[in-house]
């Protein structure tokens, strides 16, 4: 199952350190059981504007609040690499459908994603350092 955006996605911004860590992660994960997410994350990295610092952008280690506009559910998570993920403490892996869709998005943006059986419209009201 490959994740496809339903509409043109907002531009994304990644910090140089995130690009380096994500590239290393992608090199390690290729050929594994999460290929569809690896491909999607590769696409996100390739289309990103790369900067040194981005305080209002979801980066690895950001505490991000997102709202599912379909259900009204709000959740706050810290976006992390897969080895640091822990659902019980709200540490969300970047190699999950939601994590992959959040990386690089600016505070205040709204976007729609389709992951086969699941479709969601998300808004990011808040991004801050964890």
- Query: Residues of segment 10-20 being touching a residue at least 60 places away in the same chain (Cβ under 8 Å) and surrounded by fewer than 16 Cβ atoms within 10 Å (Cβ to Cβ), which ones?
  - Reply: 10
- Message: If I filter segment 9-19 for residues that are in contact with a strand residue (DSSP E or B) (Cβ under 7 Å, 6 or more places away or on another chain), more than 13 Å from residue 105 (Cβ to Cβ), assigned to a helix (DSSP H, G or I) and modelled with pLDDT of 95 or more, do I get at least one hit?
- Response: yes
- Message: Need a quick list: strands (runs of 3 or more DSSP E) entirely within segment 24-130 having at least 2 residues that are at pLDDT 90 or above.
- Response: 49-51, 62-68, 74-80, 91-93, 118-129
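Here's the yes/no breakdown for (1) more than 19 Å from residue 111 (Cα to Cα); (2) within 12 Å of the chain's Cα centre (by Cα); (3) touching a residue at least 12 places away in the same chain (Cβ under 8 Å):
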| position | (1), (2), (3) |
| --- | --- |
| 27 | yes, no, no |
| 35 | yes, no, no |
| 40 | no, yes, yes |
| 44 | no, yes, yes |
| 61 | yes, yes, yes |
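The values are calculated or read from the model by the stated rules, or taken from the named source; none is laboratory data. Being a predicted model, the structure only gives us computed values, none of them experimental. Backbone-built Cβ (ideal geometry, glycine too); neighbour counts: all protein chains shown.
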